[in-house]
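To start, the structure itself, in structure tokens.
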Protein chains: 2
Amino acid sequence: MALIVHKYGGTSMGSTERIRNVAKRVAKWARAGHQMVVVPSAMSGETNRLLGLARELQPEGHSAQLARELDMIASTGEQVSVGLLAIALQAEGLEAVSYAGWQVPIRTDSAYTKARIESIDDIRVRADLAAGKVVVITGFQGIDGEGHITTLGRGGSDTSAVAVAAAMKAAECLIYTDVDGVYTTDPRVVPEARRLQAISFEEMLEMASLGSKVLQIRSVEFAGKYRVPLRVLSSFTPWDIPLAEEAVSGTLITFEEDENMEQAIVSGIAFNRDEAKISLLGVADKPGIAYQILGPVADANIDVDMIIQNVAHDGRTDFSFTVHRNDYARTLELLKSAVQPLTHAAQITGDAKICKVSIVGIGMRSHVGVASRMFRTLSEEGINIQMISTSEIKTSVVIDEKYMELAVRALHKAFGLDAPPAATAA
Amino acid sequence: MALIVHKYGGTSMGSTERIRNVAKRVAKWARAGHQMVVVPSAMSGETNRLLGLARELQPEGHSAQLARELDMIASTGEQVSVGLLAIALQAEGLEAVSYAGWQVPIRTDSAYTKARIESIDDIRVRADLAAGKVVVITGFQGIDGEGHITTLGRGGSDTSAVAVAAAMKAAECLIYTDVDGVYTTDPRVVPEARRLQAISFEEMLEMASLGSKVLQIRSVEFAGKYRVPLRVLSSFTPWDIPLAEEAVSGTLITFEEDENMEQAIVSGIAFNRDEAKISLLGVADKPGIAYQILGPVADANIDVDMIIQNVAHDGRTDFSFTVHRNDYARTLELLKSAVQPLTHAAQITGDAKICKVSIVGIGMRSHVGVASRMFRTLSEEGINIQMISTSEIKTSVVIDEKYMELAVRALHKAFGLDAPPAATAA
């Protein structure tokens, strides 16, 4: 019938019993006539165990030769998984064959521990599928131009699955995970949060980048670039539920906006507490000032998220940005030693107790007043907004972290996300 | 100075602490100016752990597709080892790079789980050595003509190391293990057993095939075929003993008989209790009878070791052979059902409580009366000999297993192996 890619996370592959369940689920799809490619992660805990051994031995500092060996070691976790899953599929009476990334091959650049996929050769896999085999391919890894093993970074198996689906023009890529889809916000914070039946690729991209951990952001970028229909669904439903029911469960990430899309203005509320805010007050308002401030930060390999510079007065302006909370102390130190002498900032201040709350929705493109409704809602709750940043389909604010839950709940209600889509007041 | 191959077993690689010691030892050799290639096994217990997971999932029976996946899984143990050792070497300040078998490549046939090495391409390794790097290569595995991972069977890392040494024309291949060399016999049975400073390749081959577990027999065959000087030595001596002392420790396996060889007639006593004896009494003495008996045994994949057929009388003869004790019941069953009706054997008998004791020595070629001295010694101890088999450099007897220790001790003394070589009465 169709070519389908399944991806299973480490929890789904966490024991031989669970691997057996994965095999039974895949067998159900294969017996329904689908051509099946499966991309499993390493068994949960395995990558950490392997890198823990390496950490006990490794020298101080980082080098390309060290990173190469870390990839050599870490990639074995997925190789074990594909072999075990292929065997479990054989026990289900299917023909099955596994491939490591280098055998496909999945070609990447040479950026060990965070490589990017460049191309995938699908000849071998297609031949196996044509011969009626289920093909099991390692996630997380590939091979570079010199024949060295590379890995794609944490969560890279999502990207592998999407890349394989793209290369093979699969009808759909199903990401089986330990949640049953994408929610309007985190149900642990807002019990009324609802699972979305569908979300646009752009919205998912914003949700992922804003801290929703359901999918690795690069896998979403890949899906968007190659227009791979992606579905996030639970690997903990019984394997023997009817295929027709399973095939429409979870959340579909689509780029066909008019199909299956809920017509809400705002699709979800994302938030995270991983950031810290830093401000340089009273810096000279002159060309090159942003580079003077952020150049040394980038050189120190510190990722900057939001950047705010307001209009100047009296030739002076205030410059603020956020970094990951782990980089907060280092960034402050760097600014005081390397940047302050150059910029003559009157003061450098920071705050690690902040959070970022974002509303995301394709509907914002065509509806005015969405941001102002957000600001009004927060104001009615007495929450002060410290920073604002917007894109075409999202508005993010930085607030005191102690108001995070309150803000998320209030916004979830204000944008009608508590109610099922039919009743949404748009 | 010279190109040296080191091989370390699973016990030597059993923990990060031990891997660190291996790295320090290799670093000592590298700093002395040697070009170093290192072949480590999987960390002890790892291969069993991996195959245990596979066993929980695998279907009944055996198939090539199952065997292929077992190799996919088992080969990861060595891949982790090479990565960890390369990292430990880097921590010692050396440049180090690891390769899986497929990366070298080490080419094998497609006999999954028991593949044989066909060729080794050394271009990549030579380039690294020339650039001053230590090269760490996985043992136990290779790649077949279709690009599938293969493994060489248990103990295959010895063979990998010797094959790499042969391909690269290494000056010596040092097998570091948990014993400090090859002994005249097992010291647990004969406390007077002495370590041999050198043993000929042919003697080592007999010792290995007769049950001495120091080296995998195929690695010895390989060493003989390509004339690789092989040394078995202990990985538990402190890593920082002087290199000059370490380089002559253990036992050298050589094919240059006149060099460093102890001129004893008998070099060692081997024994094993793994076999069982089966006899067919009163079979017709006619052409084809041996094939009629052993054909079905071979077809059932049962390995036969000793085979004895004595002269016939009255057109009837007795036919005896030994099999592994694990195959004893199955073989008896097979003979009774499939062979007895054809051969009209008067009786089929067997005995699993036997042992095989062998004397091995190149000196036997040129000295008459060695076998008879063996028989006289056993006779003086009142030990009955049930079967005898000889080759150019060994004589084996099958006796009741309860006399094993007595026989080995008596023979060890009778052939002067208790005394150091200078005092040997030849």
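The values are calculated or read from the model by the stated rules, or taken from the named source; none is laboratory data. Remember, it's a predicted structure, so these values are computed and weren't measured experimentally. Note that we place each Cβ from the backbone using ideal geometry, even for glycine, and neighbour counts take in every protein chain shown.
Some points to look at:
- Scanning the stretch B:117-127 for residues that are acidic (Asp, Glu) and more than 12 Å from chain A (Cβ to nearest Cβ) yields B:Glu118, B:Asp122.
- Test for B:Val368: is it assigned to a strand (DSSP E or B) and under 29 Å from the mean Cα position of the chain (by Cα): no
Yes/no matrix, rows are residues, columns are (1) among the basic types (Lys, Arg); (2) under 28 Å from the mean Cα position of the chain (by Cα); (3) under 30 Å from B:His412 (Cβ atoms):
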| site | (1), (2), (3) |
| --- | --- |
| B:Ala270 | no, yes, yes |
| B:Ala276 | no, yes, yes |
| B:Leu280 | no, no, no |
| B:Lys286 | yes, no, no |
| B:Asp299 | no, yes, no |
| B:Ile302 | no, yes, no |
| B:Ile307 | no, yes, yes |
| B:Gly315 | no, no, no |
| B:Asp318 | no, no, no |
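- Under the condition of being out of contact with any strand residue (DSSP E or B) (no Cβ under 9 Å at 6 or more places or on another chain) and closer than 30 Å to A:Trp29 by Cα, the residues counted in the stretch A:48-91 number 4.
- Test: residue in the stretch A:393-404 that is in the same structural domain as A:Asp305 (by TED's automatic domain parsing), exposed (fewer than 14 other Cβ atoms within 10 Å of the Cβ) and either touching a Ser or Thr at 6+ places or on another chain (Cβ under 9 Å) or over 21 Å from A:Glu275 (Cα atoms) (or both): no
- Residue within the stretch A:322-330 that is part of a strand (DSSP E or B) and crowded, with 19+ Cβ neighbours inside 10 Å present: yes
- When we screen A:Gly282, A:Gly295 for residues that are part of a helix (DSSP H, G or I), over 30 Å from A:Pro191 (Cα atoms) and either in contact with a Pro (Cβ under 9 Å, 6 or more places away or on another chain) or not assigned by TED's automatic domain parsing to the domain that holds A:Lys169 (or both), the only hit is A:Gly295.
- Test for B:Ile362: is it surrounded by 19 or more Cβ atoms within 10 Å (Cβ to Cβ) and either under 24 Å from the mean Cα position of the chain (by Cα) or of a type in the set (Val, Ile, Thr) (or both): yes
- Going through (1) part of a loop (DSSP other than H, G, I, E, B); (2) touching a Cys at 6+ places or on another chain (Cβ under 7 Å) one by one, A:Val162 falls short only on (1).
- So B:Gly132, is it facing chain A (nearest Cβ under 9 Å), over 25 Å from the mean Cα position of the chain (by Cα) and either on the phi > 0 side of the Ramachandran plot or part of a helix (DSSP H, G or I) (or both): no
- Residue among A:Arg20, A:Arg25 that alone is within 17 Å of A:Thr177 (Cα to Cα), facing chain B (nearest Cβ under 7 Å) and touching a residue at least 40 places away in the same chain (Cβ under 8 Å): A:Arg20
- Of all residues making up the stretch B:145-189, the number that are without any contact (Cβ under 8 Å) to a residue 40 or more places away in the chain and of a type in the set (Gly, Ala, Ser): 1
- For B:Glu46, the test of being in the same structural domain as B:Ala130 (by TED's automatic domain parsing) and in contact with a Gly (Cβ under 9 Å, 6 or more places away or on another chain) is passed.
- In summary, A:Lys114 fulfils each of the numbered conditions (1) within 21 Å of the chain's Cα centre (by Cα); (2) surrounded by fewer than 23 Cβ atoms within 10 Å (Cβ to Cβ); (3) at the interface with chain B (Cβ under 9 Å from one of its Cβ atoms) with the single exception of condition (3).
- Any chance B:Lys336 is assigned to a helix (DSSP H, G or I), over 31 Å from the mean Cα position of the chain (by Cα) and of a type in the set (D, E, K, R): yes
- Those residues of the stretch B:15-25 which are closer than 18 Å to B:Gly77 by Cα and either surrounded by fewer than 17 Cβ atoms within 10 Å (Cβ to Cβ) or modelled with pLDDT under 95 (or both), in sequence order: B:Ser15, B:Glu17
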